[in-house]
Amino acid sequence: MSNKIYFTPGPTGLYPTVPQHIHKALEDDVCAISHRSKKYEAIHEAAVSNVRALLGLPANFHIFFTGSATEIWDRTLENLVEESTFHLVNGSFSKRYFETALELKKNAKALEVPFGEGFDLKTVEVPAGTEMICLTHNETSSGVSLVVDDIKYIRQNNPNAIIAVDSVSSVPYPKYDWSQLDTLLFSVQKGFGLPAGLGVWVVSDKCIDRSIALQQKGKSIGSYHNLPSLLSKAKVNQTPETPNVLGIYLLAKVGEDMLKRGVDTIRKETDTKADILYNTIIKSSVFEPFVKNYEYSSKTVVVANTKILPSEVNKVLSEVGMQVGSGYAKYKDTQLRIANFPGTSVEQVEKLADCLSKIC
C-alpha cells in the first residue's frame, strides 16, 4: 500500500481498511463468484444494510447499484421525468446534470449563479409544473455546499415535484431529513474511499410509482437499469446485470467499519478537520478561501485560491508524503481543492495544515 496521504477530491486515497478487505476478497474468490449465487446475495444484502444504516434511511427508500453516479443522472431523468426539470447550477457538475437533461430532450430550466456562490433555498422560485428539481448538495468543482436543513423550503413550496439530490462528494457526512427529498445519488471513490466504478442510487417509493406510471403511459424509462427492473432484482439482493461485485463487497466492508466508528463521530471529525483547514487558509498570506460566504462553504471539499502553483505546493507536500488536488478546469493553476473525507484522520489533517502554514 502507498504511504502517501491523498487529499485529492476524487478519486481520493483509499479508506485505511480497504487493502485488508481486498486481500480477503482475493482469498475468498469474491471476484469470480456468480452474481446469481447465494454468496453474492449475502454481499449485496450486507452492502445495502450498511449503507441504509449509515444514511438513516426509512423503510420506504430503496438502494440500487449502477456503474457510476454520472449514469444515475441519466437514470433519474429517464425514469422520473416526462417533460420538465429545474436545476440549481453553481459549478461544473451541477451544470453537467442540467446539460444531461437537455441532451435527453427534456424541457430543462436552470437557475445559475457565478462559480463559487451558493443558493438561499428559502428564496428559490421553481417554475410551475416542474416534475423534478435537481440539487447538487456539494459542488466538487467549486467547494460550495447547500444548507441541508433548507431543502425543506424546496419541498414545502413544491410538494408534488420529485426532489433529486446529487451528494457525490459529501456522503456520508450530511444528515438528511428523508421526508424532504425523494432520490439521492453518489459514487464510492470520494467519501467512502473506494476504487471508482460503483454508483449508489437511493430511491423512494414515490419515485418507483412515478417510473411505473410513465412506463404505463408508453414512455421510455430506459432498459436494464430502469426502476422496475432494479427493484425486481433488489428484492432478491441481485442486480439486473453482472455488477461490480468487488466494489459492492468493499462498500459492505467499509460501511461496516464506518458503523463501528459511528456516523456521528465521522461527522464531528469532519467538522473539526474542516475548521483546521479553513483556519489555516484564512491566516495564510499565500492562500485564501474561494467561497466567501462561510455558510455555503463545503466541509468535505475545501477550495482555496493560491498564489503558488498547485504543482509547486504538491512538490513541497510530496516530501512529507501528502498530495492535495488542484483547481477544477480553468482554475487548475490558481486553486487548491482539499478533500476532507472520512479516510483521513484529524492528526493527518493537522500535519497537512502545519505544512501549508510553513509554505506561507
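Every number in this text was worked out from the coordinates using simple rules, so none of it is lab data. Just so we're clear, the structure is a prediction, and the values are computed from it rather than from any experiment. Neighbour counts run over all protein chains shown; Cβ positions are idealised from the backbone, glycine included.
What distance in nm separates the simple spin-label points at SER179 and LYS332, each placed 7 Å from Cα in the Cβ direction?
Distance between label points: 4.7 nm.
Sort CYS134, CYS207, CYS31 so that the residue with the fewest other Cβ atoms within 10 Å of its own Cβ comes first and the one with the most comes last.
Values: CYS134 27, CYS207 23, CYS31 11.
Ascending number of Cβ neighbours within 10 Å: CYS31, CYS207, CYS134.
Would you kindly calculate the translational diffusion coefficient of the range 164-248, applying Stokes-Einstein with the Kirkwood radius from alpha carbon pairs, for 10 °C and a viscosity of 1.306 mPa s, and quote it in µm² s⁻¹ without decimals?
Working: Rh = 14.3 Å.
Answer from the Stokes-Einstein relation: 111 µm²/s.
What nm distance separates the two modelled labels at LYS219 and ASN3, each placed 7 Å from Cα along Cα→Cβ?
About 5.7 nm, to one decimal.
If Rh is defined by the Kirkwood formula over all Cα pairs and Rg also comes from Cα, what ratio Rg/Rh do you get for the range 197-239?
On the way: Rg = 10.8 Å, Rh = 11.1 Å.
Across the range 197-239, the Cα-based Rg/Rh ratio is 0.97.
Compute the FRET efficiency between GLU117 and SER318 as 1/(1 + (r/R0)^6), taking r as their Cβ-Cβ distance and R0 = 41 Å, and round to the nearest 0.05.
Details: r = 33 Å, r/R0 = 0.80.
Once rounded, the FRET efficiency stands at 0.80.
Report the calculated FRET efficiency for ASP149 and GLN348 (r = Cβ-Cβ distance, R0 = 45 Å), to the nearest 0.05.
0.95
Project the alpha carbons of the range 63-220 onto their principal axes and report the range along each, largest first, in whole Å.
Taking max minus min along each principal axis of the Cα atoms, the range 63-220 gives 40, 37, 30 Å.
Determine, at each q value in 0.09, 0.10, 0.11 (inverse angstroms), the log₁₀ of I(q)/I(0) that the Debye formula gives when each Cα of the chain is one equal point scatterer.
Log10 I(q)/I(0), no solvent term: -0.50, -0.61, -0.74.
As a test, work out the antiparallel percent of DSSP beta bridges whose residues both lie in the range 18-259, rounded to the nearest 5. Can you show the working numbers first?
Details: 13 of 30 bridges.
Once the DSSP bridges in the range 18-259 are tallied, antiparallel ones form about 45 percent.
For the pair GLU288 and LYS109, what calculated FRET efficiency results from E = 1/(1 + (r/R0)^6), where r is the Cβ-Cβ distance and R0 = 30 Å, to the nearest 0.05?
On the way: r = 34 Å, r/R0 = 1.13.
Efficiency at R0 = 30 Å is approximately 0.35.
Let me know the Kirkwood hydrodynamic radius for the range 66-126, please, with Cα pairs as the basis and the value in Å to one decimal.
On the way: mean 1/r = 0.0815 Å⁻¹.
So the Kirkwood estimate lands at 12.3 Å.
The range 203-242 to the range 57-80: how many Å between their Cα centroids?
10
Calculate how many DSSP beta bridges within the range 114-250 are antiparallel, expressed in % of all such bridges and rounded to the nearest 5.
Values: 7 of 15 bridges.
The answer is about 45 percent antiparallel.
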